[in-house]
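The values are calculated or read from the model by the stated rules, or taken from the named source; none is laboratory data. None of the values given here were measured: they were computed from a predicted structure. Cβ coordinates were reconstructed from backbone atoms using ideal geometry, including for glycine residues, and neighbour counts include every protein chain displayed. Quick note on the areas: whole protein, heavy atoms, side chains included, nothing else; ligands and nucleic acids left out. Shrake-Rupley method; radii C 1.70, N 1.55, O 1.52, S 1.80 Å.
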Amino acid sequence: MAFGEYYYGETAPIIPNSPFFAGKTRIFTPNQLFELVKLKTLVLRDNQIRFLPVEIQNLKKLEELDASQNCISAIPPTIASCNCLQVANFSQNPLKLLPWRFSELYSLKCLSINHALLEELPVNIGNLSNLISLEVRGNCLIDLPTSFTQLQKLEELDLGDNKISDLPESIGSLQSLKNLWLDGNQLEDLPGQIVSLKRLGFLDVSRNMLNRIPEGLGELTSLTDLVLSQNSIEILPDGLGNLKNLSILKADSNQLMAIPDSIGECDSLTELIVTDNQLSELPSSIGKLKKLWNLNINGNHLVSLPKEIGDCRSLRVISARKNQLKKIPSEMAQAADICVLDFSGNELPHLPLSLTSLKLKALWLSENQSKALHPLWTVVDPETDERILTCAQLPQSPPASVSQGNSTNDDTLENLDSETSDEGWSNQENAVRSSSISDGRMKRSAAIQSLADYDSD
């Protein structure tokens, strides 16, 4: 333990019958703890602390406070006297409100209050002018205070899993914002001024009620990750092609009828996830995506794939199950790095002979297929006299009924590439078969970090 730090836990002395901490035996009394006036780091997480005493005002030198995973229902207004506090974590506490004076913590850079019971943010939260990261995921927030847009240094904002139905146009004034989570709210529309966030690199608006995306989306030229999953979006704007830095696009579980031709201009795109939509075709411009390695088009109405797909020379994974595919273009084999193909639940009579040139690790042709690969053999198509590939799973029978959205794990294949060892592959068969990560949302850790990460500011 470094000088000036205190971690409440197994090293603390036993003081029975303390009124301060509940449910623990190794504890400090308030008088002892809050007389450590030179304390800089205080970690109290994962206890059963019911309240913070007003004596917290004595910790004038405190820079980092982690009181997460406790039973704290209120923060004393005297915390405003901790004027050196830069990092605070009150996540997983039954907090409904923050004290008015909380906004006097002018040195605060990182605030995390995830999975609490917050019903509103202080109306003067804009006074926290040095705030870089704000996480309030999993609360009961309905709207944002007007002063919110004064947080001009804010780079990371997580408002996910709240009850927000409307965002103010003034959100476009947060010019330093780089990462924005709005997933799991009740948004029916996005403010037009969101396209003013020129530094925005990550945007997640999944699990809302959106049916459209602002036409000016292409102005967010710094975007690398765009997550639109589980909405009711019917059209993607043509300006999508202006997103030259876009690496991951997830638009699964929407109502997309088509993908704009401009998608081919997204030079940096590596993953395209459009599972469970209403797509009947893919644009030929998809062949321009030279960095694309993962294409997931499960659960659409595709009858064929464009031959240009073979020009995606980095392509390794194509998951196209539960469509209406009747033919696979022979040109697909030109994408020589393909190692995983999933065509189960389609209407394929056979496969092109050219697929024998691929070093496949998995070829799924049936829903109840027991192995990742089954033997293929060559026959002559009596109608065309061409040599084709077939196997025990071919020809496929049209499904009795095709329903969208019945795949719970249809987002993206991860950690698969052409260098996967055979032994490693056998351990991944189930993951490949389900063709996904659980719900497509980008996994992320809390932004609570060491102050060293902010020293440059």
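The packing ranking, built from the mean of other Cβ atoms within 10 Å per residue, places the peptides 150-163, 183-196 in the order 150-163, 183-196, highest first. Largest first and in whole Å, the equivalent-ellipsoid semi-axes of the range 41-151 read 19, 17, 12, each the square root of five times a Cα gyration tensor eigenvalue.
A 1.4 Å probe run over the protein chains yields, for the range 180-286, 33 Å² of accessible area per residue, whole-number rounding. The apolar share of the surface of the range 195-282, taken as the fraction of accessible area on carbon and sulfur atoms (1.4 Å probe, ligands and nucleic acids excluded), comes to 44 percent. Shape class for the range 269-317: oblate, because the ratio a/c of the largest to smallest gyration tensor axis (alpha-carbon atoms, square roots of eigenvalues) is 1.5 or more and b/c is at least a/b. A simple spin-label model places the labels of Ser280 and Gln175 4.7 nm from each other, with each point 7 Å out along Cα-to-Cβ. What base-10 log of the normalised intensity I(q)/I(0) is obtained for the range 330-381 from the Debye formula, alpha carbons as equal point scatterers, at q = 0.15, 0.27, 0.31 Å⁻¹? Log10 of I(q)/I(0), two decimals: -0.41, -1.30, -1.44. The convex hull drawn around the Cα atoms of the range 127-274, when projected onto a plane and averaged over every direction, covers 7.6 nm².
Backbone geometry of the range 195-207 corresponds, through the Karplus equation with coefficients 6.51, -1.76 and 1.60 at θ = phi - 60°, to 3J(HN,Hα) couplings of 6, 7, 7, 5, 9, 5, x, 9, 9, 10, 10, 5, 6 Hz, x marking Gly and Pro.
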